[in-house]
Amino acid sequence: MRAMVFASRNAKEMTRDPLNLFFGLAFPLALLVLFSAINSAIPPEANNPMFEPAKMAPGVAMFGTTFMALYSGMLLAKDRTSSFLSRLFTSPMRSSDFILGYTLPAVAFAATQAVGTFAVAAFLGLPISLKTLLAVVSLMPIALMFIGIGLLCGSAMNDKAVSGVCGALLCNVAGWLSGVWIPIDLIGGAFRSVCRALPFYHAAETARLAISGEFLGMIPHMLVVIAYSAVAYVAAVLVFRSRMHSDKA
Amino acid sequence: MHLIEPTSGSAFLLEASVTEEPQKVKQIINISPQETAVAPNLSVWENLIMMARIYGQDRKASALSADAMIKRFGLGDVLKKKSKALSGGMQRRLSIAMALISDPKILFLDEPTLGLDVLARRELWAAITALKGKTTIVLTTHYMEEVEALSDRIGIMNRGKLLATGTLEELLAQTGASNLEDAFVALVGGAA
């Protein structure tokens with residue numbers, strides 16, 4: 001129950017921040033509308049499907065989950081530096097209550113954001129079916145990875161450093177190396193190798209294959225994402241627990 | 001309390017060991033840290049309810065406890081206001097109300113009046129004085145007049161070592177000083 005009480009508090013902190021709402025909900029939708037406008041401007045004879053809703057919406061939805069690192073990291077860092085966490089460390093809350101309390105609202109936020117992105121994509125021409133729901137679910141492991149990275153940074157850095165690392169740096173790296181904005185196969189070489197070694201491209205591919213109904217093709221990409229998510233999340237839990245039992249909370 | 005692990009030994013609060021029975025200790029204490037540690041985007045009411053529920057109170061009990069704290073600390077006018085929008089003095093009051101909502105047996109107040117103006121400080125002193133006889137309060141401060149106004153027993157610490165304990169009269173008699181500030185300087189200066 002304590003985890004749910006804390007999760008409820010964190011959900012309110014996240015959703016009552018106007019910047020969170022803008023970057024979490026409005027920004028991905030604005031991107032989607034922008035790409036739709038670009039798609040409309042491309043003549044059919046160009047035969048370029050890159051900006052079609054079925055291609056673009058999964059990538060934009062994946063990109064939206066990067067902001068979960070920023071939200072969870074900023075919230076934890078602010079709680080640490082304001083002594084709010086010190087107050088709660090003396091309460092009967094256990095480390096699992098804290099971890100769940102920070103994670104659950106961010107997962108709910110990520111799911112809401114993905115649903116919103118696909119709903120707007122539907123208005124722009126994306127067919128909606130059970131595959132869309134699968135795409136939303138397929139994005140949750142990468143969301144969990146970003147939450148883990150956020151908690152890791154929030155445990156170790158102040159809120160200004162978290163905004164730099166999880167905001168400017170991570171969002172850009174995840175965006176550019178996911179193949180959402182630029183086709184990595186066209187560039188090829190080392191860039192493609194780096195993209196394929198990291199989870200962002202695989203997360204976007206998982207959602208795209210879910211939308212197109214290529215379920216078997218999803219599995220290898222999904223496994224890469226789950227492996228990265230497990231490492232990031234376990235590291236976050238270990239660092240948070242060590243902070244909780246040290247004098248550096 | 002798990003803010004700092006002891007390097008050796010243990011401490012006992014109402015016979016419960018902080019190393020062997022931390023959960024039992026946590027249930028009987030509460031703290032108000034030096035910084036006003038409140039949830040900034042939650043209202044005064046929501047902050048109080050959250051703390052009550054973290055300490056195990058159900059919805060009905062937490063609402064009753066929050067109501068009692070609102071009345072005791074005069075927070076009725078700012079009930080629905082986000083805590084980040086409160087003045088420094090009101091945030092301190094809320095912080096102490098959040099510490100008291102679990103009805104702790106021992107309350108730790110870390111420099112509760114730091115940065116407050118004279119009026120806000122006097123109001124907070126009155127609130128703390130009203131708690132005497134119901135809750136054991138351990139209050140840390142650098143303000144000697146605060147110690148004189150609020151304390152039954154005083155401990156003088158310097159560089160992590162407890163140099164002397166006693167009532168105000170005992171410390172004055174021990175040092176031959178005429179006021180607490182002189183007694184403090186005599187004790188700390190002598191140890192330096």
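For this structure, a couple of remarks:
- Taking the Cα centre of the range B:58-192 as origin and assigning +1 to Lys and Arg Cβ atoms and -1 to Asp and Glu Cβ atoms, the resulting dipole is close to 900 debye.
- Share antiparallel - DSSP beta bridges, the protein assembly as shown, percent rounded to 5: 45 percent
- Sequentially through the range B:133-142, phi angles give Karplus couplings (6.51, -1.76, 1.60; θ = phi - 60°) of x, 10, 9, 6, 10, 10, 10, 9, 7, 9 Hz, Gly and Pro residues having no value and appearing as x.
- For chain B, share of DSSP beta bridges that run antiparallel, in % to the nearest 5: 45 percent
- 5 angstrom amide H check on B:Asn158, placed H, neighbours 5+ away: B:Leu163
- Restricting attention to chain A, the count of lysine pairs at 8 or more positions apart or across chains with alpha carbons under 18 Å apart stands at 5.
- For the range A:136-195 versus the range A:59-82, the gap between their alpha-carbon centres in whole angstrom: 11 Å
- Summing Lys and Arg as +1 and Asp and Glu as -1 over all other residues whose Cβ lies under 12 Å from the Cβ of A:Ala57 gives a net charge of +2.
- With a cut-off of 15 Å between beta carbons, the residues surrounding B:Leu131 carry a summed charge of +3, where Lys and Arg count +1 and Asp and Glu -1.
- Against chain B, whose longest principal axis comes from its Cα atoms, helix B:88-100 is set at around 90 degrees.
- Taken as Cα centroids, the range B:1-75 and the range A:227-241 sit 28 Å apart, rounded to the nearest whole angstrom.
No value in this document is a laboratory result; all are computed from the given coordinates. Treat the numbers as computed from the prediction; the structure is a model and nothing was measured. Note that each Cβ is placed from the backbone with ideal geometry, even for glycine, and that neighbours are counted across all protein chains shown.
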